[in-house]
Every structure is written in structure tokens, then in C-alpha cells.
């Protein structure tokens, strides 16, 4: 991989300007365009889910219910969860950055099945439409977890529509997973062996395995909820001869691994960003690569840790508890290895790097607080409290969304051909870090005090902590809005980006920004390992304007 | 920092040790977070671009170091797991005590209904004596609920169709929060109440104050007495009365192993009796294949619990009244 600045075609035809018609976008088979289609779709759901979060935090400013009460509040947090989990977090990095980057990183023209890729977007949009109809048709008040028999028999919202939405969206996830697995196996450029793959690719490989193996289970489960609700076949409701706890087993069999669907791609992004801005090969590449697979495999055997107080056998609980402690180890390994990557590096604190460092801090706290919940005796107290809410958001927002932002900034020049404003990028990294901690740190304390989740009113003595959390939420929201604002601004007014503004390694930086539709002229040949950076040489060169 | 509370009160036997594990985990979290933070900060400053430091031969990996930071946290994790699992088992296991207070809990959208063995009922408030083990036998009439007392560090889901149990022993008098922790629909946030821990004398007094029926001047009946009446009213005594040949005798059978026609052995516990009342054909006792037991349509959860209380009380009846119990002979 030689320095990339040579292949810069200013004003030439690229995947964005080759055809401006709406039809060309809606019928595109180009993985890069499909990635952008996903980006627009999930941004809408981010804004919907995010504004619901703000409404929740606004209600919780006072101990009494006064802004959103009972059913309205319940519907708000349900749609907050459904929108952000099924229609934002799960597709975020794989469907946007993964779609855009995997073929580029592999030196391929496209993914293995371009038509399937476009179909996956349409299926996703069909699910998203169902979800939106469910929201408009009166909403759902079951929580995103759809626990039975509340969801299947008692709730009075548009439950069937909502589970159908998640059901349909699941197929899009499966299609993307299959596509990525085949692409990674079959489409690698000559010389790009498994041990030379960027860790972003490894992370997506592990993610795809979970998507393909886990998603069918949630599809079946949600289908059964719909069947019980619509035609009264007894599966989960004891009154109809069913078992309510069975639902929890089936639900978490997918939904715990789904947490890794959400976080593993984020870890892939962090590896790329840290390697680039430390000018170092990731320390212990093998450990980091295999830890993704370890997480994917172990992640399938921990679902029962959501059920320590569900009436599940005590001995089953012990097995789930110990495996949960084990799954923490590969995550810890990644954090240690990223830290060690900084050693003897040449570190540039660009906005993506600040987001990546922010991720490391927040994910460390998110991961370690998971051990509180893995500890059975402590979980009896913490289960279904704000401690769980805080832990989950540290991993999902502090981990995944911050990683998504790191990746979005890092590859923004490649995707759009424009630079985002660097100063505002750094400011955004700082504001989101502060706002995030202020929002969710008090929730750990609230949880240990015993504040149950999904309450719109609470005892007076907890108001100070809730006010702190709500204040943090508005700072966090300001940070996100700032980011969305300047990113959109940069589409028109941002400085034109060169092919490789960061001086990064990796095949995607050898093509122009934005890349031409066919990605590479000819077939690239890979002759060296991933992250072939050299910090001591880099210190002397200074050839890239943006680092 | 008067306005910001950090820890709930420790008011049960288990609370102290749960908190110890919590402190340990908090210390570990702070230690590792600070270690990562300090490491990142140190490297970022020392190796910032442009600084004149030695960058030659950056290590690509270091097997010993990487194994060390995999294996050491692994053992630390396993140690915490072991301690926590041990405490969990202790908290779940019945507290060995003859004078445990057994209260029943029925959860429904959106209230808690409780009944003391001596017959006193309460809604959304639970009065208990300090220093005496309490066992809650809980069931839901509709959706999932979860009985949660933060000051005791305990919580257990309350499920429709099956009893779950919970043990604790309060160590401090006072009034504590009671929450429903499992989302249960519209008024989930209002399914709250309090647990009032009294001294043993106060508790006796409370029982006395509440021993009169609502309207009548009659003393309320204990759960077992109520169950006995039901037993007759529903016609159970036709076959299950001492000496009757129709159905298996019930005296002394609680807690024994029962041999079923399909070859299984089950313990005659609360769930077994409940299932046998609601679905008599589900677990047929060996030797009763040709007998038919009718169900009692419309029977309420509360009534089933009263019948169970009655059947359990039969254990203490004089043995002469009961015929030889073949199952006890087996077990």
C-alpha cells in the first residue's frame, strides 16, 4: 500500500455525482449509496428516539407525574427503546459504515450480493414504516422487551404492529449478515489474508455471525407473541396454558447477543481510529481479532443473567453468571490492547481520536458495571433499577453511539468528499462526553438507592439526582445536535477532502474521496499487514495536511 | 451534600454482605477506570505528535503481558462470582427456623394484596416483626410483577400460574419502600407501598388490632381455618376426608415425595398442590389412575392459598385420625 495522494481526481466522476436522479438512488446496487440510504433512515429514527429520551428526562425533573403520565409515559419509553435499538443501534455501524467500507477495505468492487443488499434496505424501510404506523396508531406500552403476558394479552397498544416492525427489520439484519460473511470469505483482494484484515472487518465478521444465528430466534419469538395476541393460541400466557418465563428465555437468547451486534462493530471502528492516529499497528492484533469471535460465541450463553429473579433455577443462574464474568474478559483485553497501542505512538488528537478515547473511558465503565449485574447476589437488588438503565446506556450510547461518531468523523471525508470542521468536531467530542456522564452517572446511584425503571413518578428524596441527570441529557442533546448540524453544513461548505487526509493505511484510503462507483481501478494487491504505520518515520514526514 | 443520598438503608440480614460485594465491585471499577484513564493520559501526553521521545521498535505484541492482563482479571472475576453466588444461595435458601412468618402475596394490576397466616389482610403495606425470618409465597393474577424492597436488597418476580418465594429477616424497625420492579402496564409506577418493620411486641399488638372482621364483630379466621371451610364447601372432603377411599389422604402428605402414574416422583409442595387443584389430571398419583377429580371453576388465587394452608395444617393433626400413608412409607 503506497501513499495514496497520487490517485486524486479532482472534479472527476464519483459514486455521488455520477447520477443525481432519485431513481438512481432508489435502484442503486452500489454498496456506498446503500450505506448512505441507511444513514438517512437511521438518522430519522435517532431523532425520534432521542426526542423521546428528552421527553422522558423532562418528565422526571419532578417527583410527581405532571408532563407525561402512565400510558403516555409508558408509550414514550417503549418507542424510545424500539426506535433506538431496532431502527438505530442495530443497523448503525454495520449497515452504514460496514456497507460503505467492507468492500473498500477488502479491495472489492462491491459486496457479494448487491441486489440482496438493496433488498435489505427496502425490508428495513418496510419494518421502519410498520414501526412508524405503530407509533401513530396509538403507540405501544409494553417496553421494548415485550414481556409476556403483558404484551400478548393485557397491553392495549398497537403491539402486533410493533412486533411486526421488529420482525420485518430482523430480516434486513439477517440479509446484511449473510452478505458480509460471504463478502469477507470470497471477495478479499489478492494477498489480503485473514491475518492481514483490518480489525473493523474482523469485528463485522463476528457481528454477522450473531446476526445470522440469533435474529431468527427473535423473529420466531415475536411472531409467537403476535399469534397469541391476535388469535389466542396459548404460548406464553398461563391462562391459555402457556409459560411467561419461556418468552424471556427466547427473547434474551437473541437480545443479549444483540447487545454484541451493537457493540462489536463499534470496537472495530475504535481499532481503526486508534491505529491511524497513534500511527501504530494495533498492539496484539491477534488477541483483539480473536476476542471479537470470543465475545460472539460466549455471548450466546449468557442470556439467563437477565433472569436471576425470574424464578429460573438457582443452578442455571450460576452457570449464566459465571459465563457472564468470562465474556467480560475479551472486552477487557481490547481496552488494554488499545491503551498499549498508544505506547511509542505518534498521537494526533483529532476529533475521531477524541471520540475514540471517550469511547475507551465510557466503555470501560459500562463494561465493569456489567459485572455488578453479573454478580447474582448484587443483581437481586439492582435488577430492573436505574443501575441497569445506566449500565446499558454506558455501553450503548457511551460505547456504540460514540464509536459511531468516531467512525463517522473518521470516514466522513471518504464518504462525502468533504472535511467536517475540526474545531467543532473536537468541541462535540468534549460536550458529548461531559453531557453523557452527567446524564448517566447519577443513574448508577439512583439504581443502588432502589429507583425502579419505567416509573414516571418517584419518592422525593431522589429528585436532586434526577435533576442532574436531566440537565446532563440536555447537554448531551446539544452535543448531538451540534454534530448533526456541522456534518450537514460540511456537505456544502466543508473543505474538499483529499483521498487520504489522515495519512491512514488501509485500502479504502487508496481510492479518491469520494470513491468512484467501481471503487478501484483494477484489482489492488495487498503486500503488507494491516496498520503498517511507522511512528518514528511519521514524525519526520509531515505530509498530510489534516493531522 | 445533604440532598444527595448515596446508599439505601441496610435493614435486612443480607443487606450488609450485598453492600460489601457492591463496595468491592465499585472499588474494582474505580481502580480499572482510573488505570485506563491514567495510562491513556500518560501516553497521549508523552507520545503526542511532535514530542521528542524514543519511538523506535514499538512492540507489535507481547504474549506474556497480554496473557497476564487476561488471566489476572479472569481470576478476580471468578473470585467475585464465587462470593456472590455463595451469598445468592444463602439468600434463596429457606432460613432454617421453626417460627418463620409465612405471608402470602398476590400481585395484580396494580396493587399488592397480602395475607398473614393468622388471617389479617393488607393492601400495599406489609407489617412484619423485626428479627424473625419472613417467607413470602407470591403469585400474580395477571401479568408479571416483581416484589422489591430496596432496604432489604431483595427482589423476586411475581409470576402468574406459579408460586415464587422469597426469604428475608428484617434487622431494623422503620418504614421502607416497597416497589413493583417488573413493568406491569399503565399504573406500574403506582404499584408501590411500604414495609413496616415493628418490634415483636408491636407486631403482636398490630395483629390484635386487626383481628376483627370488617363489618362483623367476629374474630377473623386464620388462613388454615378459611381453607378448611372451603375444603368442605367445594366438596373436597367427599374424597379426601380422613378414612375416605375416593382420593389420596392429605394429612401429612405435604413435603413428601409423591410417586406418579407416569413413573415420576415429585415433591408435594405449594406448586404441586396448586397444580393438582387446577389440573387434577396433570400429575396423577400412582394407584389413583381410575379416579376422577373434578376441577373447581372460578376458584381464586387467594382461595387456593387458603386450601394449601389447610392441607399443610393437616400435618400436625393426630396421626390416629389419618390412615396409613403409602407415600410416607415409600419416602
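The values are calculated or read from the model by the stated rules, or taken from the named source; none is laboratory data. No experiment lies behind these values; they were computed from the predicted model shown. Methodologically, a virtual Cβ is constructed for each residue, glycine included, from the backbone with ideal geometry; neighbour enumeration extends over all protein chains shown.
Every residue in region B:1-16 that is in a helix (DSSP H, G or I) and surrounded by 19 or more Cβ atoms within 10 Å (Cβ to Cβ), please. Scanning region B:1-16 gives a single hit, B:15. Evaluation of residue B:10 against the conditions (1) over 26 Å from residue A:324 (Cα atoms); (2) at the interface with chain A (Cβ under 8 Å from one of its Cβ atoms) shows that the sole unmet condition is (2).
Might you let me know whether region A:25-32 holds any residue that is without any contact (Cβ under 8 Å) to a residue 12 or more places away in the chain and closer than 30 Å to residue A:499 by Cβ? Yes, that holds for at least one residue. Quick check, is residue A:368 part of a helix (DSSP H, G or I), facing chain B (nearest Cβ under 9 Å) and closer than 25 Å to residue B:42 by Cα? Answer is yes for this residue. Looking only at region B:136-148, which residues are surrounded by fewer than 24 Cβ atoms within 10 Å (Cβ to Cβ) and within 9 Å of chain A (Cβ to nearest Cβ)? Once the filter is applied, which keeps residues that are surrounded by fewer than 24 Cβ atoms within 10 Å (Cβ to Cβ) and within 9 Å of chain A (Cβ to nearest Cβ), region B:136-148 yields only B:142.
Residue-by-condition table, conditions (1) over 30 Å from residue A:411 (Cα atoms); (2) within 14 Å of chain B (Cβ to nearest Cβ); (3) assigned to a helix (DSSP H, G or I); (4) in contact (Cβ under 8 Å) with a residue 40 or more places away in the chain:
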{"site": "A:441", "(1), (2), (3), (4)": "yes, yes, yes, yes"}
{"site": "A:445", "(1), (2), (3), (4)": "yes, yes, yes, no"}
{"site": "A:448", "(1), (2), (3), (4)": "yes, yes, yes, yes"}
{"site": "A:463", "(1), (2), (3), (4)": "yes, yes, yes, yes"}
{"site": "A:473", "(1), (2), (3), (4)": "no, no, yes, yes"}
{"site": "A:482", "(1), (2), (3), (4)": "no, no, yes, yes"}
{"site": "A:487", "(1), (2), (3), (4)": "no, no, yes, yes"}
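Quick one: would you say residue B:118 is modelled with pLDDT of 95 or more, assigned by TED's automatic domain parsing to the domain that holds residue B:158 and under 30 Å from residue B:170 (Cβ atoms)? No, not satisfied.
Yes or no, residue by residue, for (1) under 26 Å from residue A:86 (Cα atoms); (2) at pLDDT 95 or above:
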{"site": "A:261", "(1), (2)": "yes, no"}
{"site": "A:280", "(1), (2)": "no, no"}
{"site": "A:310", "(1), (2)": "yes, no"}
{"site": "A:320", "(1), (2)": "yes, yes"}
{"site": "A:333", "(1), (2)": "no, no"}
{"site": "A:338", "(1), (2)": "no, yes"}
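Checking each residue in region A:299-348 for being more than 7 Å from chain B (Cβ to nearest Cβ) and outside any helix (DSSP H, G or I) picks out A:302, A:307, A:308, A:312, A:313. For region A:450-461, a residue qualifies if it is at the interface with chain B (Cβ under 7 Å from one of its Cβ atoms) and assigned to a helix (DSSP H, G or I), and exactly one does: A:461.
Restricting attention to region B:245-274 and to residues that are in contact with a strand residue (DSSP E or B) (Cβ under 9 Å, 6 or more places away or on another chain) and assigned to a helix (DSSP H, G or I), the residue that is farthest from residue B:113 (Cα to Cα) turns out to be B:272.
Scanning region A:95-106 for residues that are within 14 Å of chain B (Cβ to nearest Cβ) and under 30 Å from residue A:227 (Cβ atoms) turns up nothing. Selection of region B:13-44 for residues being touching a strand residue (DSSP E or B) at 6+ places or on another chain (Cβ under 9 Å) and more than 7 Å from chain A (Cβ to nearest Cβ) yields B:13, B:14, B:15. Go through region A:116-140 residue by residue and tally those that are assigned to a loop (DSSP other than H, G, I, E, B) and over 24 Å from the mean Cα position of the chain (by Cα). Residues that pass the stated criteria total 3.
Which residue pairs have Cβ atoms closer than 7 Å, lie 6 or more positions apart in sequence or on different chains, and pair a first residue in region B:24-46 that is touching a residue at least 12 places away in the same chain (Cβ under 8 Å) with a second residue that is crowded, with 16+ Cβ neighbours inside 10 Å and not in a helix (DSSP H, G or I)? Within 7 Å, the pairs are B:25/A:375.
Taking region A:192-241 as the range and being over 30 Å from residue A:150 (Cβ atoms), within 14 Å of chain B (Cβ to nearest Cβ) and either crowded, with 18+ Cβ neighbours inside 10 Å or without any contact (Cβ under 8 Å) to a residue 40 or more places away in the chain (or both) as the test, the residues that pass are A:196, A:199. Does any residue of region A:321-340 turn out to be over 25 Å from residue A:194 (Cβ atoms), more than 24 Å from the chain's Cα centre (by Cα) and free of Cβ contacts under 8 Å to residues at least 60 places away in the same chain? Within region A:321-340, one or more residues are over 25 Å from residue A:194 (Cβ atoms), more than 24 Å from the chain's Cα centre (by Cα) and free of Cβ contacts under 8 Å to residues at least 60 places away in the same chain. Taking the criterion of being within 13 Å of another protein chain (Cβ to nearest Cβ) and part of a helix (DSSP H, G or I), the residues of region A:50-69 that qualify are A:56, A:59. Looking only at region B:175-226, residues that are in a strand (DSSP E or B) and touching a helix residue (DSSP H, G or I) at 6+ places or on another chain (Cβ under 8 Å) come to 6 in all.
Let's see how each residue does on (1) in contact (Cβ under 8 Å) with a residue 24 or more places away in the chain; (2) buried (at least 21 other Cβ atoms within 10 Å of the Cβ); (3) within 18 Å of the chain's Cα centre (by Cα):
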site	(1), (2), (3)
A:43	yes, no, yes
A:57	yes, no, no
A:69	yes, no, no
A:72	no, no, no
A:78	yes, yes, no
A:92	yes, yes, yes
A:101	yes, yes, yes
A:106	yes, yes, no
A:109	yes, no, no
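Return yes when residue A:427 is away from chain B (no Cβ under 14 Å) and either buried (at least 21 other Cβ atoms within 10 Å of the Cβ) or at pLDDT 95 or above (or both) and no when it is not. Answer is yes for this residue. Look through B:94, B:73 and report the one residue that is in contact with a helix residue (DSSP H, G or I) (Cβ under 9 Å, 6 or more places away or on another chain), on the phi < 0 side of the Ramachandran plot and either crowded, with 16+ Cβ neighbours inside 10 Å or not assigned by TED's automatic domain parsing to the domain that holds residue B:177 (or both). Criteria check complete, one pass: B:73.
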